[in-house]
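Read through the structure below, which is laid out as structure tokens, and then see the notes.
Derivation of every value follows stated rules applied to the coordinates shown; laboratory data play no part. The structure presented is a predicted model; accordingly, all values stated were derived computationally and were not measured. Cβ sites come from the backbone with ideal geometry, for glycine too, and all protein chains shown count toward neighbours.
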Amino acid sequence: MTFDVTIPVLNEAPTLERQVRILYDFLKQHFPETGQWRIVIADNGSTDATPDIAARLCSELPELALVKVPEKGVGLALKTSWGQSNADMVGYMDLDMATDLTHFLEAYQAIATQHYDIVYGTRLHRRSQVIGRTLKREIASRVFNGLLKVYLGVGFSDGMCGFKFLQRSVYQHLYENGARNNGWFFSTELLTISEWLGLKIYELPVKWTDDAASSKVRIIPLARRYWKDMQALKQLKLHR
């Protein structure tokens, strides 16, 4: 099975090369077959040296590709990347690789051999191991996911973990049925629409290490935006 791992980036010049090479070495070790995989750096409007660094890496490493999106938005970057992909499996992880890379092997097997449609990492499962997360962010995450369950009636445990993979063949179906947000909420839409469509979902408890120093999350503005996004998704459900 071929696969693309997309990494959405925005002004990540200080850490981009180091992190991409870590992922590259990991995939090269576990998937040595030529042409089986790509790392897609999806730049969504960086104004620093990120695009230049990414372009240089792509010239050095044949398994790398760069997708440029002129506007900000993780969802937009992922939709652009996946829409251009020819791989059997697509997905993404955050550049900080907070989710332990060994979990990718589990995600791959769930899709390639167990025929799941979508795999999502969860930090809220009893078997998950979360390291270094502040109490503020832990409470915010649990409140957000609890609200999703009550307001949208979903069953998944963690809608925002930056570690998701899916059969590319189902992506267009998800998009056509409402997974279209240009921002971070796209991650939640993928799981919500997957549940509504009855797709086969694999919950993957992960070891997750918070990198508070590099986090760009601002909880209050994000909460307001997510509430509006949830309301829009609720309306979509009511009109299905």
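Rank V150, V206, V90 by mean-square fluctuation in a GNM of the chain with C-alpha springs under 10 angstrom and give only the top-ranked residue.
Largest GNM mean-square fluctuation: V150.
Tell me the net charge near V90. Cut-off is 11 Å between Cβ atoms, V90 excluded, with +1 for each Lys or Arg and -1 for each Asp or Glu.
Local net charge: +2.
Would you kindly state how much longer the chain becomes between I139 and L101 on full extension, computed as 0.36 nm times their sequence separation minus their alpha carbon distance, in nm to one decimal?
Values: separation 38, 0.36 × 38 = 13.68 nm, distance 2.52 nm.
Between I139 and L101, full extension yields an extra 11.2 nm.
Quick one: Cα centre-to-centre distance for the range 122-146 and the range 28-96, in angstrom?
28 Å
Helix-derived [θ] at 222 nm for the chain: sum -39500 (n - 2.57) over DSSP H runs of at least 4, divide by residue count, nearest 500?
The helix contribution divided over the chain gives -13000 deg cm²/dmol.
Once you have all Cα-Cα distances for the range 81-127, histogram them in 5 Å bins from zero and send the whole-percent values.
Each 5 Å bin holds this share of Cα pairs: 5, 16, 26, 26, 20, 5, 2, 0.
Each label point is 7 Å from the Cα along the Cα-to-Cβ direction; what then is the distance between the points at K68 and K200, in nm?
Calculated label separation equals 4.1 nm.
Would you please give the FRET efficiency between Q231 and T34, computed as 1/(1 + (r/R0)^6) with r the Cβ-Cβ distance and R0 = 35 Å, to the nearest 0.05?
0.15
With log10 I(q)/I(0) by the Debye sum over Cα atoms at q = 0.09, 0.13, 0.17 Å⁻¹ as the read-out, I listed (i) -0.35, -0.77, -1.41; (ii) -0.55, -0.97, -1.28; (iii) -0.41, -0.88, -1.46; which label goes with the value calculated from this structure?
(i)
Using a cut-off of 10 Å between beta-carbons, work out the net charge of the residues near Q167 (Lys and Arg +1, Asp and Glu -1, Q167 not included).
In short, 0.
In straight Cα distance, which aspartates and glutamates are under 18 Å from K79, not counting same-chain residues fewer than 8 positions off?
Partners within reach: D4, D43, E71, D88, D94, D117, E176, E189, D229.
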